2 protein chains.
Amino acid sequence: MTCIRLTLEYDGTDFAGWQVQPNGRTVQEELERALSRLLKEEVRVHASGRTDAGVHAREQVVHFHTGKKLPLKAYVEGLRALLPRDLAVVGASEAGEGFHARFSARGKWYRYRILRTGVPHPLQARYCWQLAGPLEVADMRRAAERFVGEHDFAAFCAAGSDVRTTVRRIDACELREDGDLLLFDVRGSGFLRNMVRIMVGTLVEIGQGKRQPESIDRLLASGRREDAGKTAPPQGLCLMRVFY
Amino acid sequence: MTCIRLTLEYDGTDFAGWQVQPNGRTVQEELERALSRLLKEEVRVHASGRTDAGVHAREQVVHFHTGKKLPLKAYVEGLRALLPRDLAVVGASEAGEGFHARFSARGKWYRYRILRTGVPHPLQARYCWQLAGPLEVADMRRAAERFVGEHDFAAFCAAGSDVRTTVRRIDACELREDGDLLLFDVRGSGFLRNMVRIMVGTLVEIGQGKRQPESIDRLLASGRREDAGKTAPPQGLCLMRVFY
């Protein structure tokens, strides 16, 4: 059996997230169906992590095992005709023994895009959270810095998540302005369910003056989800890269 | 009667173009339906020009007449809830006597985006023509310069178009590289049906070495559509601005 590692790009808008589920079209399902047709055998893929409905990926990584011997470029070129327009395999390589897309991952980089305009912009709507009204970016930036380091992110985890530990390490957390766009880049060891979106929702409330930057410290200490901000909408979020 | 001028932005992907037609959803139809609901009267809008199915607009301009007296911001804010997600009114103003979105226009700026990568990129697929293989950009640029000036663009007009004259003036024609993206910006007095897309299709054949940059001169002289390149696909094209 060979372990193949694929890099995927997808527009999450019309997907009900990564994981196969009874209702709704998912990335995993579309990919497994295409791979099974290509390899003429049942294929089960494992991703670096699940992405929620509506969340995009510029570089999601998956692996799977197969006994078939296909040239690597067949995964990129051969799958092109078998995959829908909103999902593509952009890279393929042979992975070493013991590689696991999820367990071998050392970290991830997510980007969240906020568009600060009073009017909706259809040409950007799929990939941004459009927010009207002023945002105090300097306060948001001061707050974002407080996420860096190893913390218990229980307050930034969707209610009902079942994980062993809610401690995660954030290596970098930056807020950058690019015209009307506000780009939030966060890199860390791993992320809890909805973690980036709750971070963003909380930062936005800080930018709107509803919270102080220092409140992040209290949230990290209390671990109470109900004290944090609202979950920002999915379409602004993109998994940019997985580090191994 | 007041003449109202609206600026629209739309994602053309899921529209069968601008103009109302029996089959397919159109921008004009969606806008007229929303305006009629807002104003509680039949509204007929006139655009600066039609855009084809799949072509986007960052700033399309339309006008219409109404006897109702609404504050201008009602057109932006009131229409928001009445328009679909891929169409928005981003500006409204009262137009002077005799203003006509099409006949008063002095020029237009179109942008065509080419993404030069061997693999498809779903996050950019809606707004680019994705082209594999090398392109000699310097040759394309030399060719593009030849469009500038007043010429008979008959060779760059969709067959079957019924226009009085195929002479148009191109004021600027630029090709710019931005990473993997190749941006073709063209500004002119007016454009024939499919003109920008045939210009782009021809430039790409020049970039691929299938034609010489000088062949543009012969095309402008011959006026034969069949001698020009293929029509580039619609999703790369965006109407950026209309000048008055």
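Some values worked out for this structure:
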| quantity | calculated |
| --- | --- |
| Sole residue being crowded, with 17+ Cβ neighbours inside 10 Å, free of Cβ contacts under 8 Å to residues at least 12 places away in the same chain and not aromatic (Phe, Trp, Tyr), chosen from B:Leu135, B:Leu131, B:Leu123 | B:Leu123 |
| Residue tally, condition touching a helix residue (DSSP H, G or I) at 6+ places or on another chain (Cβ under 7 Å) and of a type outside the set (Val, Ile, Thr), over region A:36-46 | 3 |
| Residue among A:Tyr112, A:Tyr127 that is in contact with a His (Cβ under 8 Å, 6 or more places away or on another chain), assigned by TED's automatic domain parsing to the domain that holds A:Glu174 and under 30 Å from B:Val89 (Cβ atoms) | A:Tyr127 |
| Failed item, numbered, when B:Gly229 is tested on (1) within 28 Å of B:Arg106 (Cα to Cα); (2) not in a loop (DSSP other than H, G, I, E, B) | (2) |
| Hey, B:Val61 surrounded by 20 or more Cβ atoms within 10 Å (Cβ to Cβ), modelled with pLDDT of 95 or more and either touching a helix residue (DSSP H, G or I) at 6+ places or on another chain (Cβ under 8 Å) or at positive phi (or both) or not | no |
| Flag if B:Arg126 is among the basic types (Lys, Arg), under 19 Å from the mean Cα position of the chain (by Cα) and within 14 Å of another protein chain (Cβ to nearest Cβ) | yes |
| Residues of region A:155-187 classified as over 17 Å from A:Leu237 (Cβ atoms) and crowded, with 22+ Cβ neighbours inside 10 Å, total | 1 |
| Residues satisfying the stated conditions in region B:205-244, i.e. under 30 Å from A:Arg85 (Cβ atoms), more than 14 Å from chain A (Cβ to nearest Cβ) and of a type in the set (S, T, N, Q) | B:Gln208, B:Thr231 |
| Within region B:102-117, considering residues that are among the charged types (D, E, K, R) and in contact with an Asp or Glu (Cβ under 8 Å, 6 or more places away or on another chain), the one surrounded by the most Cβ atoms within 10 Å (Cβ to Cβ) | B:Arg111 |
| Complete set of residues in region B:26-47 that are more than 14 Å from every other protein chain (Cβ to nearest Cβ), out of contact with any strand residue (DSSP E or B) (no Cβ under 8 Å at 6 or more places or on another chain) and of a type outside the set (Asp, Glu) | B:Thr26, B:Arg33, B:Ser36, B:Arg37, B:Leu38, B:Lys40 |
| Qualifying positions in region B:37-78 - among the hydrophobic types (A, V, I, L, M, F, W, C) and not in a helix (DSSP H, G or I) | B:Val43, B:Val45, B:Ala47, B:Ala53, B:Val55, B:Ala57, B:Val61, B:Val62, B:Phe64, B:Leu70, B:Leu72 |
| Condition check for A:Phe153: under 30 Å from B:Glu59 (Cα atoms), assigned by TED's automatic domain parsing to the domain that holds A:Thr231 and either at pLDDT 95 or above or out of contact with any Phe, Trp or Tyr (no Cβ under 7 Å at 6 or more places or on another chain) (or both) | no |
| Some residue of region A:98-114 being within 14 Å of another protein chain (Cβ to nearest Cβ), closer than 30 Å to B:Ala74 by Cβ and within 23 Å of the chain's Cα centre (by Cα) | yes |
| Residue in region A:69-81 that is among the small types (Gly, Ala, Ser) and either within 18 Å of the chain's Cα centre (by Cα) or outside the structural domain of A:Gly49 (by TED's automatic domain parsing) (or both) present | no |
| Odd one out for B:Ser48 among (1) closer than 26 Å to B:Ala232 by Cα; (2) surrounded by fewer than 20 Cβ atoms within 10 Å (Cβ to Cβ) | (2) |
| Criterion violated by B:Phe99 - all others in (1) surrounded by 14 or more Cβ atoms within 10 Å (Cβ to Cβ); (2) within 27 Å of A:Gln130 (Cβ to Cβ); (3) not basic (Lys, Arg) satisfied | (2) |
| Counted residues, region A:48-68 - those being basic (Lys, Arg), away from chain B (no Cβ under 14 Å) and under 24 Å from the mean Cα position of the chain (by Cα) | 1 |
| Scan of region A:69-92 for residues that are more than 14 Å from chain B (Cβ to nearest Cβ) and touching a residue at least 40 places away in the same chain (Cβ under 8 Å), ordered by number | A:Lys69 |
| Members of region A:79-94 found to be of a type in the set (Gly, Ala, Ser) and part of a loop (DSSP other than H, G, I, E, B), listed by number | A:Ala81 |
| Given (1) part of a loop (DSSP other than H, G, I, E, B); (2) over 19 Å from A:Arg197 (Cβ atoms); (3) not small (Gly, Ala, Ser), index of the condition A:Leu31 fails | (1) |
| One residue from A:Gly54, A:Gly78, A:Gly12 being surrounded by 17 or more Cβ atoms within 10 Å (Cβ to Cβ), in contact with a helix residue (DSSP H, G or I) (Cβ under 8 Å, 6 or more places away or on another chain) and modelled with pLDDT under 95 | A:Gly78 |
| Hey, B:Val20 surrounded by 14 or more Cβ atoms within 10 Å (Cβ to Cβ) and more than 12 Å from every other protein chain (Cβ to nearest Cβ) or not | yes |
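The values are calculated or read from the model by the stated rules, or taken from the named source; none is laboratory data. Remember, it's a predicted structure, so these values are computed and weren't measured experimentally. Because the Cβ atoms are built from the backbone with ideal geometry, glycine has one as well, and the counts that use them run over all protein chains shown.
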